[in-house]
1. Looking at VAL129, THR94, LEU106, which one has the Cα that reaches farthest to the positive end of the dipole of the stretch 84-137 (charges on Cβ: Lys, Arg +1; Asp, Glu -1)?
2. Once Lys and Arg get +1 and Asp and Glu get -1 on their Cβ, which of ALA143, ILE155, PRO178 lies farthest toward the positive end of the dipole of the stretch 131-199?
3. For the stretch 141-149, in order, what is each residue's ³J(HN,Hα) by Karplus, 6.51 cos²θ - 1.76 cosθ + 1.60 with θ = phi - 60°, in whole Hz (x at glycine and Pro)?
4. About the Cα centre of the stretch 80-199, how large is the charge dipole given +1 on each Lys and Arg Cβ and -1 on each Asp and Glu Cβ? Please answer in debye to the nearest 20.
5. Could you calculate the FRET efficiency of ALA93 with MET131 from 1/(1 + (r/R0)^6), where r is the beta carbon distance between them and R0 is 35 Å, rounded to 0.05?
6. In sequence order, what are the phi-derived ³J(HN,Hα) couplings for the stretch 181-193 according to the Karplus relation 6.51 cos²θ - 1.76 cosθ + 1.60 with θ = phi - 60°, rounded to whole Hz, with x for glycine and proline?
7. What list of ³J(HN,Hα) values in whole Hz, one per residue of the stretch 159-174 in order, does the Karplus curve 6.51 cos²θ - 1.76 cosθ + 1.60 (θ = phi - 60°) give from phi, with Gly and Pro shown as x?
8. Mind checking which aspartates and glutamates have their C-alpha under 15 Å from LYS117, skipping anything on the same chain fewer than 8 residues away?
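Coordinate-derived values only; no laboratory data. Note that the structure is predicted; figures quoted are calculated from it, not measured. Glycine also receives a Cβ, built like all others from the backbone with ideal geometry; neighbour counts cover every protein chain displayed.
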Amino acid sequence: MKKIFYSVLSLAMALAVGNTMVSCNGSKEEKAAPAKKVAVADSVTLPNYRYVDMDTLLTRYILAKDYNEEMLRMQTNLESETKRHQTSLQSLATQIQNKVQNNSYLSQESFDTDQQKLASMQSNAERSVGMMQQKYAEAAAKAQQAVSDSVMAFIEEYNKKHGYDAIFNKAAALHFNPALDITDEVVEGLNARYNKVKK
């Protein structure tokens, strides 16, 4: 479940960050990329864009981790509730079957009553589990949106100070010069801001 939440969140963030270009001066002119690759260089010789590894960010950003723990708790509760209903339904179904095999029903009416009880229990179980599944889906969507909004807002604020032409998601390209990686800075800034809000 943890991997599923992170992978879905990572995909959502990839779409958001990968499609966002942040301009430092609002100019429509495109700056030409340097002709040669830079293995290790100072910031003066690097192209005026950077990238963020969203998979790494999501595993280290405290807000994302907090939401993930909340999702895991909800998933555990959902599984427990589902199992509880299944156990109750199986128990009653077994009782009915045993009564039929042992000719314990004294009338068709008593058999019908048990069958109706089983059907009612099944209906209630489906409704209860369905509501929990819906709440889980809504909470997961809300969590993904909250993390996405938080990261995007921080990236915009971060870039006002640095003036990069673009900040990409690492997943949006086959290769980036590692010197262009600002993931650590972004994670540190996000966590510092989140911890400040929590206090």
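1. VAL129
2. ALA143
3. Computed from phi, the couplings for the stretch 141-149 are 5, 5, 5, 4, 5, 5, 5, 4, 4 Hz.
4. Values: 14 positive and 14 negative charges, 78 e Å.
In total the dipole reaches around 380 debye.
5. That gives a FRET efficiency of 0.90.
6. Each residue's phi maps through the Karplus curve to give 6, 10, 4, 4, 4, 5, 4, 4, x, 4, 5, 5, 5 Hz.
7. After applying 6.51 cos²θ - 1.76 cosθ + 1.60, I find 6, 4, 7, 9, x, 6, 6, 7, 10, 9, 7, 3, 5, 7, 9, 6 Hz.
8. Within reach: GLU109, GLU126.
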